[in-house]
Amino acid sequence: MTAPPDDCLARNEWVCGEYLSTRRRIVLDAVVQHLELTAVSVLIALVVAVPLAVLARRWRWAAGPVLALTTVLYTIPSLAMFSLLLPVYGLSASLVVAGLVLYSLTLLVRNILAGLRAVPEETRQAARGMGYGPVRLLLTVELPLALPAAMAGLRIATVSAVSLVTVGAIVGFGGLGNLIYTGMNTYFKAQVLTASVLCVVIAVAADLLLLGVQRLLTPWESASRAAARS
């Protein structure tokens, strides 16, 4: 019995609207898991990266070891990373989150540290002269001025995490990667293409969202660009 000419699923076509209409719930669940894994991983990495970057800025001797450690972690292949973490976290979402956190640290620590180092020393001295203590100086002067570099690192780390989440399919927690993995095993073209396109859409949307947040948090950057163009 031949497939109807309008049945793109039966013909196993790459582009098939019928796939989305018949598997909307499956795709939505995969997207939600993908977003959750990405957001949790990047947020945890950011919480860890800020103190590490501040530590490396305050004590120069610590910068080398911190950067070296995070760089080494980034060079470990994802499959090897998950294998090393498997005895600790088992086959769980925590395994994927832990791996993504370690990968994100390199990008975040380097950019936050670069932003902190770029704060003019005369600005720090002026703040100290006004009675700012170390904590107030960090929170109200250094971190705000380091925001452009920090946000650039956050954007790269987020886009990278969106991509790396798919590797979690090997342990059953890969978001859209689960669909890509099963689709490749069964040569289900529409599923592979749909999940892949959605990964790209999520990455682009996340990058644009963070770019908008960056512009809201750093209005002086927009003013500087406008002044440079005029």
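The values are calculated or read from the model by the stated rules, or taken from the named source; none is laboratory data. Owing to the predicted nature of the structure, the values given are computational and were not obtained by experimental measurement. Here the Cβ positions follow ideal geometry from the backbone for every residue, glycine too, while neighbour counts run over all protein chains shown. We work out accessible area using only protein heavy atoms, side chains counted, and drop any ligands, DNA or RNA first. Shrake-Rupley method; radii C 1.70, N 1.55, O 1.52, S 1.80 Å.
Take the Cα of SER92, step 7 Å along the line toward its Cβ, and report every residue of the stretch 65-81 whose backbone nitrogen sits under 17 Å from that point. Label zone hits: none. Average accessible surface for the chain: 54 Å² per residue, computed with a 1.4 Å probe over protein heavy atoms with every protein chain in place. Descending by average beta-carbon neighbour count within 10 Å, the peptides 112-118, 130-136 line up as 112-118, 130-136, the highest first.
Taking the longest Cα principal axis of the chain as reference, the axis of helix 93-117 is set at about 30 degrees. Looking at (1) 1.10; (2) 0.98; (3) 1.00, which value of Rg/Rh (Cα atoms, Kirkwood Rh) comes from a calculation on the structure shown? Answer label, from the structure shown: (1).
Annotation note: chymotrypsin sites (Phe, Trp or Tyr not before Pro) in the stretch 42-104 located in DSSP loop regions with a Cβ neighbour count of at most 15 within 10 Å are TRP59.
Angle of helix 60-75 to the longest C-alpha principal axis of the chain, folded into 0 to 90 degrees and rounded to 10: 10°.
Nonpolar atom fraction for the stretch 1-156, defined as the carbon and sulfur part of the 1.4 Å probe accessible area, stands at 70 percent.
Can you give me the angle between helix 78-89 and the longest principal axis of the chain, using Cα atoms only, in degrees from 0 to 90, rounded to the nearest 10? With both axes taken from Cα atoms, the answer is about 80 degrees. In plain terms, the chain from GLN125 to TYR74 could stretch by 14.8 nm, reckoned as 0.36 nm per residue minus the Cα-Cα distance. Among 169-176, 194-201, sorting by the average number of other beta carbon atoms lying within 10 angstrom of each residue, highest first, gives 169-176, 194-201. May I ask for the net charge around SER163, where only other residues with Cβ less than 14 Å from the Cβ of SER163 are counted and Lys, Arg are +1 while Asp, Glu are -1? Value of the local net charge: 0. Please work out the Cα center distance from the stretch 156-177 to the stretch 125-140, rounded to the nearest Å. Cα centroid of the stretch 156-177 versus Cα centroid of the stretch 125-140: 40 Å apart.
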